[in-house]
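One structure is given below, encoded as structure tokens.
The values are calculated or read from the model by the stated rules, or taken from the named source; none is laboratory data. Quick caveat: nothing in here was measured; it's all calculated off a predicted structure. Using ideal geometry, Cβ is built from the backbone for each residue, glycine included, and neighbour counts are taken over all protein chains shown. We work out accessible area using only protein heavy atoms, side chains counted, and drop any ligands, DNA or RNA first. Shrake-Rupley method; radii C 1.70, N 1.55, O 1.52, S 1.80 Å.
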Amino acid sequence: MVAPSPTSMRVRTRKTKAVGIPTIDLSMERSELSEQVVRACEEYGFFKVVNHNVPREVVSRLEEKGTEFFSKSTSEKTQAGPATPFGYGCRNIGLNGDMGDLEYLLLHTNPLSFTETSKTIANDPTKFSCAVSDYIEEAKELACKILELVAEGLWVPDKFSLSKFIKDVDCDSVLRINHYPPVNKNQDQYEQLDQARVGFGEHSDPQILTIMRSNNVGGLQIETPDGLWLPVSPDPNEFFVMVGDALQVLTNGRFVSVRHRALTNAAEARMSMMYFAAPPLNWWISPLPKMATPHNPSLYKPFTWAQYKQAAYSLRLGDTRLDLFKVQQKEDTSIVDILVQPK
Ligand SMILES: C=C1C[C@]23C[C@@]1(O)CC[C@H]2[C@@]12CCC[C@@](C)(C(=O)O1)[C@H]2[C@@H]3C(=O)O
Ligand SMILES: O=C(O)CCC(=O)C(=O)O
Ligand SMILES: [Fe+2]
């Protein structure tokens, strides 16, 4: 196994900001609710949802299966790998040399796919895939509900214009269970330097929306619009929602995908479950008609989800891959140039 290089795996922990993450109560009156969802997407691209109606038992069953798997021996876990495309991964993230202080299970949400992958993961694959299936169903429903609220809050005529992208049977959504092992504080060189280990380096998620849940151990941080890292207090009973790159495009840049990272400076193991909601591979992604107008033309060239994924997998984790799809702006014309143009 390749040892992580000290310079690429550490970050300073001091420059963070103590402000609140938006919390949205899904039981609220609908028009106020859709407004709040849009505001949170615009301001942070990130928020917490409460009163989500996801049964606790569905979450705890998947958590139990994850804990069971990660407590196996390294050689047993390795038999479920590599995670390219699906299965167990350890330290390696993606295909281009990114590394983190974590291990994980990556599963496609297509039932045929995760049923097959489950055979290499669990001693009782049927129970494992059943826990996965129930969790995916709930996470998908929550993601659809949020996208429908977004459409309403943006006054888009068709309430389903965003949720339809992730409802299709052929959608390319994935589920990832991340496990960040605890760090022994006494022995850890980073602790002594007041630096934290990077569990999962900074990045934005390429998909439309991410639904995230973790156990009661902190580590996730989001980048605020003014460039500060904001630690997210863990809340195992609730879900966190992240705007992904594809939703940034669908809203023509009105929402910006949230950059985030996970640190592992905790004494306890952290486990997160991430549902990444994506469209089918051959679907085109470009701003919703209402979001691009002659006065506010599309900022992005149209692309299929397959093309975007291919671009993402050819780059590093932290790269801003949407730059590749930006419409070339006309040579920077200042407002003065426009005003002095002869008629
Ligand atoms: C380095 C990478 C890992 C990643 C694919 C990517 O090329 C860039 C984004 C990463 C991410 C983040 C969200 C979940 C994920 C499965 C995805 O689709 O994009 C991961 C990919 C991965 O871990 O393989
Ligand atoms: O574990 C976390 O909180 C974040 C992980 C993450 O960003 C990811 O899996 O894409
Ligand atoms: Fe992420």
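Points worth noting:
- Listed by first and then second residue, the pairs with beta-carbon distance under 6 Å, at least 6 apart or on different chains, first residue in the stretch 305-327 and farther than 15 Å from P279 by Cβ, second open to solvent by 60 Å² or more (accessible area, probe 1.4 Å) and at pLDDT below 95, are Y313/L95.
- Leading residue by the ranking (nearest to S129 (Cα to Cα)) among those in the stretch 166-176 that are more than 9 Å from ligand 2 (Cβ to nearest atom) and in contact with a strand residue (DSSP E or B) (Cβ under 9 Å, 6 or more places away or on another chain): L175
- Search result, residues across the stretch 237-256 that are without any contact (Cβ under 8 Å) to a residue 60 or more places away in the chain and either more than 12 Å from ligand 3 (Cβ to nearest atom) or over 13 Å from the mean Cα position of the chain (by Cα) (or both): N252, G253
- Residues that are of a type in the set (D, E, K, R) and within 21 Å of V132 (Cβ to Cβ) were ranked within the stretch 201-221; the one that is nearest to ligand 2 (Cβ to nearest atom) is D205.
- Restricting the stretch 221-255 to residues that are within 16 Å of ligand 1 (Cβ to nearest atom) and open to solvent by 10 Å² or more (accessible area, probe 1.4 Å), the residue that is nearest to G153 (Cα to Cα): Q248
- Against the list (1) open to solvent by less than 40 Å² (accessible area, probe 1.4 Å); (2) out of contact with any His (no Cβ under 8 Å at 6 or more places or on another chain), the condition V174 fails is (2).
- The C-beta contact set for the stretch 190-207 (first residue under 30 Å from V256 (Cα atoms) and open to solvent by 20 Å² or more (accessible area, probe 1.4 Å), second residue modelled with pLDDT of 95 or more and in a loop (DSSP other than H, G, I, E, B), distance under 7 angstrom, 6+ apart or interchain) comprises E202/R259; E202/G318; P206/G244; Q207/G244; Q207/A278.
- Among residues of the stretch 57-73 that are among the basic types (K, R), those with a beta-carbon under 9 Å from a residue that is open to solvent by less than 60 Å² (accessible area, probe 1.4 Å) and in a helix (DSSP H, G or I) at least six positions away or on a different chain give the pairs R61/A131; R61/D134; R61/Y135; K65/I121; K65/F128; K65/A131; K65/V132.
- Per this entry, S129 is counted among residues that are farther than 24 Å from H260 by Cα, surrounded by 19 or more Cβ atoms within 10 Å (Cβ to Cβ), in contact with a Ser or Thr (Cβ under 9 Å, 6 or more places away or on another chain) and at pLDDT 95 or above.
- Every condition in (1) among the charged types (D, E, K, R); (2) within 21 Å of the chain's Cα centre (by Cα); (3) part of a helix (DSSP H, G or I) holds for D172 except the one numbered (3).
- Count - residues of the stretch 256-277 that are in a loop (DSSP other than H, G, I, E, B), over 20 Å from V49 (Cα atoms) and either open to solvent by less than 40 Å² (accessible area, probe 1.4 Å) or among the hydrophobic types (A, V, I, L, M, F, W, C) (or both): 4
- If the condition is being surrounded by fewer than 19 Cβ atoms within 10 Å (Cβ to Cβ), away from ligand 2 (no atom under 14 Å from the Cβ) and not in a helix (DSSP H, G or I), then the stretch 91-115 contributes L95, N96, G97, H108, N110.
- Of residues in the stretch 222-236 being within 23 Å of H52 (Cα to Cα) and assigned to a loop (DSSP other than H, G, I, E, B), the one nearest to ligand 3 (Cβ to nearest atom): V232
- The stretch 308-328, subset away from ligand 3 (no atom under 16 Å from the Cβ) and assigned to a helix (DSSP H, G or I), residue surrounded by the fewest Cβ atoms within 10 Å (Cβ to Cβ): D323
- Any hit, the stretch 257-272, residues being in contact (Cβ under 8 Å) with a residue 40 or more places away in the chain and touching a helix residue (DSSP H, G or I) at 6+ places or on another chain (Cβ under 6 Å): yes
- Selection count, the stretch 152-171, where residues are in contact (Cβ under 8 Å) with a residue 40 or more places away in the chain and loosely packed, with under 15 Cβ neighbours inside 10 Å: 4
- Hey, P280 more than 15 Å from Y44 (Cα to Cα) and open to solvent by less than 40 Å² (accessible area, probe 1.4 Å) or not: yes
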